[in-house]
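The values are calculated or read from the model by the stated rules, or taken from the named source; none is laboratory data. Note that the structure is a prediction, hence the values are computed from the model and not measured. Reconstructed Cβ throughout: ideal geometry from the backbone, glycine too, with neighbour counts over all protein chains shown. For the accessible areas, the whole protein counts, side chains as well, though only heavy atoms, and no ligand, DNA or RNA atoms are used. Shrake-Rupley method; radii C 1.70, N 1.55, O 1.52, S 1.80 Å.
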Amino acid sequence: ITVRHVSIHDDLKEMLDSNKDSLKLEAMKRIVAMIARGKNASDLFPAVVKNVACKNIEVKKLVYVYLVRYAEEQQDLALLSISTFQRGLKDPNQLIRASALRVLSSIRVTIIVPIMMLAIKEAASDMSPYVRKTAAHAIPKLYSLDPEQKDQLIEVIEKLLADKTTLVAGSVVMAFEEVCPERIDLIHKNYRKLCNLLIDVEEWGQVVIINMLTRYARTQFLNPNINEGGSGEKTFYGSDEDEEEDEEEKEKKAEAAAMAKRKPYVMDPDHRLLLRNTKPLLQSRNAAVVMAVAQLYFHLAPKAEVGVIAKALVRLLRSHSEVQYVVLQNVATMTIKRRGMFEPYLKSFYIRSTDPTQIKVLKLEVLTNLANETNISTILREFQTYIKSMDKDFVAATIQAIGRCATNIGEVRDTCLNGLVQLLSNRDELVVAESVVVIKKLLQMQPEKHSDIIKHMAKLTDNIQVPMARASILWLIGEYCEHVPKIAPDVLRKMAKSFTNEEDIVKLQIINLAAKLYLTNSKQTKLLTQYVLNLAKYDQNYDIRDRARFIRQLIVPTEKSGALSKYAKKLFLALKPAPVLESPFKDRDHFQLGSLSHLLNAKAGGYQELPDWPEAAPDPSVRNVEVKESVRAVGTVTYRDTGALWGLQGPQKEGGERRLLLSQIFIIINSGILMAPLTFGLLSSEQSSEEEERKPERKSKQSKSDSESESDEEDESESESSPSESEDSESETEVKKKKKQRTKTASVIVHLLVCPQTIAPSSALKSYELLHRITGEGLSVEYCFSRQPFSPDANMVAVQMQFTNNATSDAKNLHIEDMKLQSGMRVKEFPEIELLPAGETATAVMGIDFCDSTQACRRPVKFFVSIQPPVGELMRPVFLTENEFKKEQGQLMGMNEITEKLTLDVNCRNEHTIVLRVTTAANLGRVPCGSDKECRFAGRTVTSSSLVLVTVATKEEGAAQLTVNCEKMVIGTMLVKDILLALTQ
């Protein structure tokens, strides 16, 4: 078997060493399958790690899956490949970048902490949300490896908390909980965003966010039940003394006065936002999400609103037994304080024969908590059925439940007691024993009424062998020996015979019974007591020996005995309060529901205490987020054509009206962030009566524009008719036809972002076509990047738009309206262009904050149009001296440096041409250099002001080396590709 095992691994090693990607892929699939089946594949680590540089994406993904599993075990070998992992962080594929970071964070060696920190910071700024999510996952790993990095990690967490992507939200909140849960100030600005994103976050992220927001809300909002005092609740033990009653009345009056002075409660809008946005999650398929929302409502919602969670929790009882166990634990806690909300679902807690014992016991607990005067008869009938079960533990729990019902509801106490006495004749010893224990507790409430039951139980000492039951009977007889004066001495006689064979718990109660009988009936029991004490004096258990010596000195007065013996009767025969049978879940609500600590009823590691409600409401303004003036919404540019409709003919309707022709174009002005639709419609000059009835506002606006168009047409017709009548070759009908054609209006709605300025671009700058005149039915749009500072906002890129009206009619009122901004985009409007005559061109400049990204989004609508900036246009030139350049370059080494060798184009081997081509490819400034064989350039990204340094070092025969240093690895990688293309073509 061993030989075969080795041969299989040798076969896999050969496949991994081959030059064919197909063999490598097959080998990796087999290895990952081995890991999934739990087999050890660690000896393949050297063979696998060599393939981390494989160019095949599928192979590389599986290699990283393997490395994540074994990097922590094979740390030394993993460290040898750390440079490869660092290169993986710059890979264009987001899955590879994320996998490389995951492997890097799995190497648990303190020496690479700085590299991990740098990688996490870079990944936190990555344009892919998946990579940012992986960065959030890596934060707790680094924190556990080196807690001293906490301050830097908090900065990264703060940055990721501001992320508006649902993919990142859950992971960064988990990192927040692990690293700095006390920094509640980091949540203030992101509170509303997290509430609104919650519905779209993945399920386990929802659980983490809800639990965190529960604790946040307990520190920031007032208790919604603050005005509901406890004055109406009765104390369990009544007081017969007048003084105590007076004190209680005074306390009630003081509480009522405090309630009167207290201001009426008004819920904070942010508190309401949290409750409103979590309520739909009660419909979630994930039981953990439902449980998280349920605990949030239990801890935060007003009493009148908590009831909504009951139905959702009852639904979870149809799930697996593990889920049922956790849910029932929490329901049992809830039913103690909020019994009313589960009463309508009483039958849902009835026990099935197929339920596991632990589920049965928890359902019994819930049924006992829900018992009241109205439903007790139904519940007791259920309990009678349960006693017949074959599950002895369950039967014992049922008998205890009957005892609790009898304790809590006085009306059924006698009924329950009689039922339990009947169980004493049961054949099963365990049932009888449990009944004895429960009867003992019930008899303590009214012992004088039930002396017959005590006599009946005394007879059971010959048959019952369960130690706890025998001890309970002996305690009852000793405690109430005055009610059974003839039977008690005889029981002691029987017990003295079997003393040496009894269990320790029974022996202790025999000693107690002997002491009590000696004090009340010493004539009959003096010798028996001395006999029992002598037996106990030499018992093997030291507790029994000590108890015997103590009692002997206490009850048998001698010269040496102290003053304590005078009070022996008061000590042994004092009235004892009746026991209170309480639920074991009574005090569990101080743990947060749904937590492991609540389940175990003990504080678990990492548990965050649920804070108390504040006395006064903290300042709600801390959650307000400032909106910069430059942030606008995406708008609608509209112009009307008062002339012909570019020769478009629509189908005629009655009354000479034209049918509405509507098309849509989506313009995506994006770096992965902004999407804007370009919509234009062709409208008739007169609208149908149906549309007038539906849209009166549009009708009023249309009539106004129609009046303007008529006046324009009159002027045109006059100018056309001014030549001599002899030159008039057009008939009257043709003139009317033209006039009618001009009265048609066109409405074009264009979603664009433009700026109030116009910047004349350099003639060398490249223009891009945004909208073709045929696609735009007469309107064409071109754009270019002017590379000049955008004065309203230095963090925006200036994009010059050129509108050309190729139609035969004028366009009016070109402007932006109905703006709607996408996530992360900042723009500036432009003033309305009042008139764009036919054949004329208008220019406007818009400022766009591309967020240092070049990725364009497209949508499969009727047309595809997009603005996608080259990476070189996302920069602005900066001036640096040679020394400053070298200093900054020294700080941007390692993962921030990319070097490529190239052969320069034949026409690009002098300094002037190199400078020209580099500055054409990227908006960079020239840096002075003392060497003739080096050209240096510097710039900063427009949005984040990240430094970009470029060096081109020329060698002999056209050979050269390109070096790019940039804080943002993705921008650096893309810039290298663009400059290489410019220098080699």
**Message:** So in the range 889-915, with the set limited to residues that are over 30 Å from MET117 (Cα atoms) and among the β-branched types (Val, Ile, Thr), which one is most open to solvent (accessible area, probe 1.4 Å)?
**Reply:** VAL906
**Message:** part of a loop (DSSP other than H, G, I, E, B) and open to solvent by less than 100 Å² (accessible area, probe 1.4 Å): which single residue out of ALA604, ALA568 fits that description?
**Reply:** ALA604
**Request:** Look at GLU182 and say whether it is within 21 Å of the chain's Cα centre (by Cα), in a helix (DSSP H, G or I) and over 26 Å from GLU897 (Cα atoms).
**Result:** no
**Request:** Under 6 Å between Cβ atoms, at least 6 apart or on separate chains: pull out the pairs that start in the range 153-167 with a residue that is open to solvent by 70 Å² or more (accessible area, probe 1.4 Å) and end on any residue that is of a type in the set (A, V, I, L, M, F, W, C) and not in a loop (DSSP other than H, G, I, E, B).
**Result:** GLU158/LEU186; LYS159/ALA124
**Prompt:** In the list SER498, SER435, SER389, SER451, which residue meets the criterion of being polar (S, T, N, Q), surrounded by fewer than 20 Cβ atoms within 10 Å (Cβ to Cβ) and closer than 29 Å to TYR350 by Cβ?
**Reply:** SER389
**Request:** Go through (1) open to solvent by less than 60 Å² (accessible area, probe 1.4 Å); (2) in contact with a Phe, Trp or Tyr (Cβ under 8 Å, 6 or more places away or on another chain) one by one and return the number of the condition GLN94 breaks.
**Result:** (1)
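Could you name every one of the helices (runs of 4 or more DSSP H) located completely within the range 875-985 that has at least 2 residues being of a type in the set (D, E, K, R) and out of contact with any helix residue (DSSP H, G or I) (no Cβ under 8 Å at 6 or more places or on another chain)? It would help to see each step written out before you state the result.
Numbers: elements: 882-891, 911-921, 969-984.
It comes to 882-891.
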**Asked** Of all the residues that make up the range 922-971, how many are surrounded by 19 or more Cβ atoms within 10 Å (Cβ to Cβ), among the basic types (Lys, Arg) and either outside the structural domain of ASN910 (by the TED database) or within 14 Å of GLU882 (Cβ to Cβ) (or both)?
**Response** 1
**Item:** Count of residues meeting criterion [of a type in the set (Phe, Trp, Tyr), modelled with pLDDT of 85 or more and open to solvent by less than 20 Å² (accessible area, probe 1.4 Å)] in the range 841-888
**Value:** 1
**Request:** Within the range 498-515, identify whether any single residue is within 60 Å of the chain's Cα centre (by Cα) and not in a helix (DSSP H, G or I), and answer yes or no.
**Result:** yes
**Prompt:** On the given criteria, is GLY824 crowded, with 17+ Cβ neighbours inside 10 Å, modelled with pLDDT under 80, outside any strand (DSSP E or B) and more than 42 Å from the chain's Cα centre (by Cα)?
**Reply:** no
**Prompt:** Are there any pairs, at least 6 apart or on different chains, whose C-beta atoms fall under 7 Å, with the first in the range 484-508 and among the small types (Gly, Ala, Ser) and the second open to solvent by 30 Å² or more (accessible area, probe 1.4 Å), and if so, which?
**Reply:** ALA496/LEU528; ALA496/TYR531
**Message:** Given the options LEU420, LEU513, LEU476, LEU443, name the one that is without any contact (Cβ under 8 Å) to a residue 24 or more places away in the chain, open to solvent by less than 40 Å² (accessible area, probe 1.4 Å) and within 26 Å of VAL580 (Cβ to Cβ).
**Reply:** LEU420
**Which listed residue, of LYS133, LYS121, is of a type outside the set (Asp, Glu), outside any loop (DSSP other than H, G, I, E, B), open to solvent by 50 Å² or more (accessible area, probe 1.4 Å) and at pLDDT 85 or above** = LYS121
**The one condition in (1) surrounded by 14 or more Cβ atoms within 10 Å (Cβ to Cβ); (2) assigned to a loop (DSSP other than H, G, I, E, B) that ILE336 fails to fulfil** = (2)
**Item:** Failed item in (1) outside any loop (DSSP other than H, G, I, E, B); (2) out of contact with any Pro (no Cβ under 9 Å at 6 or more places or on another chain); (3) open to solvent by 70 Å² or more (accessible area, probe 1.4 Å), with LYS576 passing the rest
**Value:** (1)
**Item:** Search result, residues across the range 462-473 that are at pLDDT 80 or above and open to solvent by less than 40 Å² (accessible area, probe 1.4 Å)
**Value:** VAL466, ALA469, ARG470, ALA471, SER472, ILE473
**Item:** Qualifying positions in the range 55-89 - outside any helix (DSSP H, G or I) and within 29 Å of the chain's Cα centre (by Cα)
**Value:** ALA71, GLU72, LEU89
**Request:** May I ask you to say which residue of ARG108, ARG102 is assigned to a loop (DSSP other than H, G, I, E, B), open to solvent by 10 Å² or more (accessible area, probe 1.4 Å), without any contact (Cβ under 8 Å) to a residue 40 or more places away in the chain and over 20 Å from SER946 (Cβ atoms)?
**Result:** ARG108
